[in-house]
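Participant: Quick one: structure below, then a few questions.
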Amino acid sequence: MSNNQQLLVILELDNHPQEVVARAGWIAGPGGYDITLLWCSTDTRLLGIPFLISNEARDIGEAILAAQARVVNDLAKPLRDKGFSVNTEVLQERPVMDGIVHHVERLKPAYLLKGTQYHAVADRSIFVDRDWQLMRDCRCPLWLVKPTKIRPQPVIVAAVDPVHSHDQSA
């Protein structure tokens, strides 16, 4: 790995991982960042406990883990083809939030990127629970990616202090 700053990219099957990877490449391009793609998906740890699970179930768990590693490597290919230094990992730690926070503490990335969803009109100002947890607990800037193309002159919205820790009581 080089001495460049890191981008830590959280990939979840239900949060458009291809768009998140594309956005990571867009951000990394001008800054020369190294990229770590962290796949956060199905927990297979229970399938590996010998006294609880059969050999067949353990084999299934290993196959799922291998498939996840292939998926994240396939997602990394376009970035590698463009010359980016890309590390790939499959998160095994649970709860997922603890694993993400531990990766942030270890890598000290310049940014943490994560996909998020569009919500109904009434819920547009509400983030999903994991997004809020990252806003509160992550010790680096969080970049939430929605499934839209980057415009030539992009629109970027920044939120500062979502818990209002400096507000005065009424």
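Participant: Between residue 80 and residue 117, how many nm apart are label points set 7 Å from Cα along the C-beta direction?
Facilitator: With each label placed 7 Å out from Cα toward Cβ, I get 3.2 nm.
Participant: A further question follows. Extending each Cα 7 Å along its Cβ direction at residue 94 and residue 150, get the distance between those two points in nm, one decimal.
Facilitator: 3.6 nm
Read-outs: derived from the displayed coordinates by stated rules, not from any lab. The shown structure was predicted, so the numbers you read here are calculated from the model rather than taken from an experiment. Neighbour counts run over all protein chains shown; Cβ positions are idealised from the backbone, glycine included.
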